[in-house]
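Data first, discussion second: the structure below is written as structure tokens.
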Amino acid sequence: MSVRPAVLRRLMRELTELKTNPPEGIRVVTNEDNMLDVTGIIQGPEGTPYAGGYFKVKFNFTEEFPAAPPKCRLLTKIFHPNVSGAGEICVNTLKKDWKSSYGIGHILVTVKCLLIYPNPESALDEEAGKLLLENYESYCERAKLITSVHATPKVPPPEFATPSSSAAEASTTTPSSSAPTISTTIVHPPSLPTNPIVKALPSMTSPHPLQSSNGFSPVSATEKEKPQSKEKERHVSPSPLSTADSNVGEAVNVTTPGTTSAPAPAKAIKRAAGTTSATGVEKRKKALKRL
Amino acid sequence: MAANLPSAMDIDETAIDEGLYSRQLYVLGHEAMKRMAASNILIVGAQGLGVEIAKNVCLAGVKSVTIYDPEPVKIQDLSTQFFLREEDIGKSRAAATVLRLAELNAYVPVRDLGGKPGQEITVDMIQGFQVVVLCGVPIAKQLEVNDWTHKNGVHFIAAETRGLFGSAFNDFGPKFTCVDPTGEQPLSGMIVSVEKDNEGLVTTLDETRHGLEDGDFVTFTEVQGMDELNGCEPRKVSVKGPYTFTIGDTSNFGEYKRGGIFTQIKMPKIIEFKSLRESLNAPEYFVTDFAKWDRPATLHAGFQALSEFRVQNGRLPRPRNAQDASTLVALAKKLEQEVDEKIITELAYQASGDLSPIVAVMGGFVAQEVLKACSAKFHPMVQNMYFDSLESLPVTLPTEEDCQSVGSRYDGQVAVFGKAFQHKIANFREFLVGSGAIGCEMLKNWSMMGLGAGPKGVIHVTDLDTIEKSNLNRQFLFRAKDLGKFKAEVAAAAVANMNPDLKGHILSKQEPVGPDTENVYGDEFFDSIDGVTNALDNVKARQYMDQRCVFYLKPLLESGTLGTKGNTQVVVPHLTESYSSSQDPPEKETPSCTVKNFPNAIQHTIEWSRQEFDNLFVKPPQAVNSYLSEPNYLESALKYSGQQKEQLEQIVSFLVTDKPLTFEECIVWARLQFEEKFNHNIQQLLFSLPKDAVTSTGQPFWSGPKRAPDPLIFNSNDPQHLAFIVAAANLHAFNYGLRGETDPALFKKVADSVVVPEFTPKSGVKVQVNDNDPAPEAGGGDSGDVSDLAKKLPTPSSLAGYRLNPVEFEKDDDANHHIDFITAASNLRAMNYNIPIADRHTTKQIAGKIIPAIATTTSLVVGLVCLELYKLIDGKNKLEDFKNGFVNLALPFFGFSEPIAAQKNKYGTTDWTLWDRFEFNGNPTLKEIVDWFKKELNLEVGMVSQGVSMLWSSFIGKKKSEERLPMKFSKLVEHVSKKPIPPHVKHLIVEVMVADENDEDVEVPFLVVRI
């Protein structure tokens, strides 16, 4: 493992951001004596068979990062069509759809989405893929079982000692001006040091009414909801993630969150702001109910 | 060695030594190399340019190379002719050269055409050659020879180098057929629809752009419905969009249903070359630098004028002599009124000069043209090429006096740059990192230039590698007798032999550059050098050297080749961006589900096969050895892998249940592997996802890029099947130290006798749930199972000293079964999925990630690097003085651009670039640094890191923060990294994240903290 100084700087920035303002249900664990030793923890999304579980994603950065994606592996056992027994994750964001502007946060959000919308069409675990296609209930049952056995600790990881999610539900309908910007940043980690969004960020966080004072409990409710509702706006099909081979048939050409707006951060802010409507949340809730 | 050469007649034209030519075969291909092996090449003129061309052609491999140059060797020839020695002075150039050329390649006989001094080449002497190359021959003689070759189907090239100028002319005859104009792999891709129309529109699967261009030709396979397209004659493409193209009339064809793959067909291209006589009046220029658009016309007249000057005066213009220069300008103006007089004047000034870098550029280029002429591979240069690097002249031009010949081997260089500059070259101190292909060429140029040969001069060269057979094809300083020796040592000795002035000035090392060798390549070392030249083959080491050069503020010359493509980059402190400022886009990886379940191309099956190689022959023996040698391996390492049970099962299998005692048992094992990989696993996949499965949207599951597989039924008479058994059994035997076998009869007999288990589908996932509560951490759920398994293992102490032999992947040993296994396994899997199989050679390249390479490109690229080195030695400091280069010899293409300026950043009102830094001396405390930023710059520090250690951050917590802020910096680093700082480390490179008073992030330079 070795990366260029400029990349380390970028990682420092992103890790700070993820520590202080993590996306909903996502945390990172860092290692002081090795910044490249990064593990993400994804809270199993409510309404999915993974709820209650915490899934660890191990990052491995190569010298080609960020031109090439980091190698990512799920350390926690999971029953999911797009995750192999060895923890490999089959999602295009980590392979051919990778963009150098993506970062740790983006990957974790993408994997979280994959938990909500598994894609049986590009199954790594064909058994899970088969079940998902043929018998949704027994897929859920099995996934829940595996989640409870392998992914559900007695106490949640300390990183998740944060405000309750009821606050989150409440505030989604009352968008604050700061929220869209923050969500955009989570989806598009800064690629360039001069990215204006990066500069805008710290000032945005403090005035928020729900921001906790100690600086350790990260997300305010609005921030938490944003990435989800935004994705939902664009991905109405049941398999929104562009896993490999998914562009056959109808569910073609669905991009991973944020790909289209990546090159133009300014635009992204506007678009994200525009999606702060109840409909996004509604759609998402429906989607979750389906699961 | 020359005595053992096979004669031309002994060579079987169909057999190509793949071990020797391995990397080049991936550039040229077997067909082109077979045509080369039937070609006899004549090179007239054995000074620097002639020998550079001959060297590259010999390495590439042709039927024979013949040299004509009866003139006696002069001391000045040694400026560029690396195969001549001082003791050769007075001998015939050709005679002195051929023996050393012949050492380069045992398959290429090199002959001296003889002749007497003063005797010019004549038409009757060039019969029997397929390619004739004239180097530095007057135009009248060129015309005489070309008149004959043009009529008689002989390929003609004339080339010349004068100082910083070079020219080349090609005439491959009135109708030359080029079979592959680009050298790129034929494009191919899946299609999703074809319209029935008089301009049938084809739509490709929108995974990747089709990449075709107007006028390309394609054919099709696997099309359902419109069956007429399958295997059709090549159809001409008209591009409509990135995912669409038309293929002409399809209105009478069947209705397209689904599926189909298009494949590009390379169509031969006929090129009509003009004769030299015609070309002199109507030249067709190949542009080498678009910034010098008007230069070819000037040089076209200039080189003719130079030839005329020689005829009139019996000599070339004298160095920087104004009178000779004005004569030349007048001669040139007669041919072309519009010539740029300044350029012609410089041409006159430098005409008697001879520079190794220019020779390398032209020699590499022309040698590739020779190969094009005899192989028909790649597009020839049409038709006149002129090149110059006037920018390499020093800012302060030398005087006429300074450029006078002194009767030394450097006269050719002195004529251009002057003695004062020669002195600078000689006392330069350069570090060459790598002594492979680029390194060898670099050292050749440097030895000719006399770089480092002065009292203060030195060349450091390092390379950790030893010499292998596949190196000999282009790393021309190495011979068969050097196999196994250290590259840097052999190369240093070889070039010190070429120019004895370098003896004692070229120091070779084996320590690779990296964080672990900073005691060798530390402050003292970098203080003792003026610059660094990379000759590396990997990005990691390049990035590391770049970082070091940025820190020590040393200029860096960077270059690389990929087949016929090459690039050069010059990095100048405080001026340009650095190597790491930009990144090449890496190759897109294949998604793992494609590799695991849905391969649709041979690359996918090869990648799978390469993984299987590790899974079968590398990882299990390693795990067994770890179990046997590492105390508490099961309790510690395994537990946190998330794969405890699987790994344990594997150890039990390899160490206990399936451990073979005889080779026959290895065959049985291989047979069972066959059944599992190519039959049962495929059946299992089809059980889960049957061929008629549909997706959530009702589409057939197995469609588009997902090809439904079929299980293979073992048949020992199928060579692909048996090849797998042979390779797998031998590798398994290797793991256990059992002697291998290769007799097919034995494999057949044993394999056919194996009773294989019936396939029973695995239905439902077995989940072992304990009565205990769910384990708190991942991977702990199988603990009951795990302890049962562990009981089956013998204790490590009962097997003291026993170890398995993990296989170490080595692609270049043809007898080790590695590539054989990967080829066989990949092809069997391809047969599962009905993908066309690949031969061993192709599989080897993909599995071994072999970078294609050929000597011609390296020679040229290194010449370009050395032209930049002249500028660095001169101390040039303007962006426009430097050039980054991009070449592709196949097309051919030359492109140059100014280096990109270092990006300017700003904190407060201060501009800074990557070359700036904050320096802190005397091992300050963390608090002192944080306070300094606050006090001096009004910036709040948010995070501090050193290397990969995060020393301090705003979210670290109060206790840790209070503990760390007062620590001396070195103490802090040791505290966090939990490692002592080695004694040779005198400074630490530190990065900080800071914000201004508005809480906005501000980019600042890195910190150097001296401890």
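Odds and ends about this structure:
Listed here are the residues, each with its yes/no results for (1) in a helix (DSSP H, G or I); (2) touching a Gly at 6+ places or on another chain (Cβ under 6 Å); (3) within 30 Å of residue B:177 (Cα to Cα).
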{"position": "B:359", "(1), (2), (3)": "yes, yes, yes"}
{"position": "B:381", "(1), (2), (3)": "no, no, yes"}
{"position": "B:398", "(1), (2), (3)": "no, yes, no"}
{"position": "B:407", "(1), (2), (3)": "no, no, no"}
{"position": "B:416", "(1), (2), (3)": "yes, yes, no"}
{"position": "B:423", "(1), (2), (3)": "yes, no, no"}
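- Of the residues B:437, B:415, the single one that is surrounded by 22 or more Cβ atoms within 10 Å (Cβ to Cβ) and within 30 Å of residue B:340 (Cβ to Cβ) is B:415.
- Out of B:761, B:705, one residue alone is buried (at least 16 other Cβ atoms within 10 Å of the Cβ), assigned to a loop (DSSP other than H, G, I, E, B), in the same structural domain as residue B:805 (by the TED database) and not β-branched (Val, Ile, Thr). It is B:705.
- Here the condition is being modelled with pLDDT under 95 and of a type outside the set (Ser, Thr, Tyr); of B:286, B:309, B:290, B:303, it holds for B:290 alone.
- Of the criteria (1) open to solvent by 30 Å² or more (accessible area, probe 1.4 Å); (2) assigned to a loop (DSSP other than H, G, I, E, B); (3) away from chain A (no Cβ under 14 Å); (4) within 25 Å of residue B:255 (Cα to Cα), which one residue B:209 fails: (3)
- Single condition residue B:715 does not satisfy, out of (1) farther than 13 Å from residue A:129 by Cα; (2) crowded, with 16+ Cβ neighbours inside 10 Å; (3) at pLDDT 90 or above: (2)
- The set of residues in segment A:43-59 that are open to solvent by 40 Å² or more (accessible area, probe 1.4 Å) and either within 13 Å of chain B (Cβ to nearest Cβ) or aromatic (Phe, Trp, Tyr) (or both) comprises A:56, A:58.
- Cross-chain or 6+ apart pairs with Cβ under 7 Å, segment B:589-609 first and among the small types (Gly, Ala, Ser), then assigned to a loop (DSSP other than H, G, I, E, B) and modelled with pLDDT under 90: B:592/A:84; B:592/A:90; B:592/A:124
- Number of the exception - residue B:467 against (1) within 20 Å of the chain's Cα centre (by Cα); (2) touching a residue at least 24 places away in the same chain (Cβ under 8 Å): (2)
- For segment B:509-528, residues that are within 20 Å of residue B:435 (Cβ to Cβ) and among the small types (Gly, Ala, Ser) total 2.
- Close Cβ contacts (under 8 Å, 6 or more residues apart or on different chains) running from residues in segment B:618-634 that are of a type in the set (Asp, Glu) to residues that are surrounded by fewer than 16 Cβ atoms within 10 Å (Cβ to Cβ) comprise B:630/B:636; B:630/B:637.
- Looking across segment B:989-1011 at every residue that is more than 13 Å from chain A (Cβ to nearest Cβ) and in a strand (DSSP E or B), the one that is surrounded by the fewest Cβ atoms within 10 Å (Cβ to Cβ) is identified as B:1010.
- Enumeration of residues in segment B:646-668 that are open to solvent by 30 Å² or more (accessible area, probe 1.4 Å) and either within 39 Å of the chain's Cα centre (by Cα) or modelled with pLDDT of 90 or more (or both): B:646, B:647, B:650, B:659, B:661, B:662, B:664, B:665, B:668
- Residue list for segment B:578-612, filter: open to solvent by 30 Å² or more (accessible area, probe 1.4 Å), in a loop (DSSP other than H, G, I, E, B) and more than 9 Å from chain A (Cβ to nearest Cβ): B:582
- Residue B:482 vs. criteria more than 24 Å from residue B:569 (Cβ to Cβ) and either within 14 Å of chain A (Cβ to nearest Cβ) or surrounded by 19 or more Cβ atoms within 10 Å (Cβ to Cβ) (or both): yes
- The single condition from (1) closer than 23 Å to residue B:991 by Cα; (2) in contact with a Gly (Cβ under 6 Å, 6 or more places away or on another chain) that residue A:30 fails is (2).
- Given (1) part of a loop (DSSP other than H, G, I, E, B); (2) more than 12 Å from every other protein chain (Cβ to nearest Cβ); (3) open to solvent by 20 Å² or more (accessible area, probe 1.4 Å), index of the condition residue B:698 fails: (2)
- Filtered residues of segment B:886-907 (kept if crowded, with 16+ Cβ neighbours inside 10 Å and either of a type in the set (Asp, Glu) or more than 27 Å from residue B:376 (Cβ to Cβ) (or both)): B:896, B:899, B:902, B:905, B:907
- Residues of segment B:801-842 that are open to solvent by 40 Å² or more (accessible area, probe 1.4 Å), part of a loop (DSSP other than H, G, I, E, B) and of a type in the set (A, V, I, L, M, F, W, C): B:809, B:815, B:837.
- Residue in segment B:473-486 that is in contact with a strand residue (DSSP E or B) (Cβ under 7 Å, 6 or more places away or on another chain), within 27 Å of residue B:419 (Cβ to Cβ), modelled with pLDDT of 95 or more and not aliphatic (A, V, I, L, M) present: no
- Taken together, B:182, B:177 contain a single residue that is in a strand (DSSP E or B), open to solvent by 30 Å² or more (accessible area, probe 1.4 Å), in contact (Cβ under 8 Å) with a residue 40 or more places away in the chain and closer than 17 Å to residue B:378 by Cβ, which is B:177.
- A Cβ distance below 6 Å, combined with a sequence gap of six or more or placement on separate chains, defines the contacts here; from segment B:981-995, residues that are among the β-branched types (Val, Ile, Thr) reach residues that are surrounded by fewer than 16 Cβ atoms within 10 Å (Cβ to Cβ) in the pairs B:981/B:974.
- Residues satisfying the stated conditions in segment B:617-633, i.e. under 12 Å from residue B:651 (Cα atoms) and in a helix (DSSP H, G or I): B:619, B:620, B:621, B:622, B:623, B:624, B:625, B:626, B:627, B:628
- Residue B:672 being more than 25 Å from residue B:802 (Cα to Cα), more than 10 Å from chain A (Cβ to nearest Cβ) and surrounded by 16 or more Cβ atoms within 10 Å (Cβ to Cβ): yes
- Here B:456, B:487 are screened, and the one residue that is open to solvent by less than 20 Å² (accessible area, probe 1.4 Å) and on the phi < 0 side of the Ramachandran plot is B:487.
- For residue B:911: the one exception among (1) assigned to a strand (DSSP E or B); (2) touching a Ser or Thr at 6+ places or on another chain (Cβ under 7 Å): (2)
- Among all positions in segment B:640-654, there is no residue which is in contact with a Cys (Cβ under 6 Å, 6 or more places away or on another chain) and away from chain A (no Cβ under 14 Å).
- Close contacts from segment B:650-671, counting a first residue that is under 22 Å from residue B:789 (Cα atoms) and a second that is surrounded by fewer than 15 Cβ atoms within 10 Å (Cβ to Cβ), with Cβ to Cβ under 6 Å and a gap of 6+ residues or different chains, come to B:652/B:792; B:656/B:792.
The values are calculated or read from the model by the stated rules, or taken from the named source; none is laboratory data. Quantities reported herein were computed from a predicted structural model and do not represent experimental measurements. Cβ atoms come from the backbone with ideal geometry, glycine included; neighbour counts cover every protein chain shown. All accessible areas refer to the heavy atoms of the entire protein, side chains included, with ligands and DNA or RNA removed. Shrake-Rupley method; radii C 1.70, N 1.55, O 1.52, S 1.80 Å.
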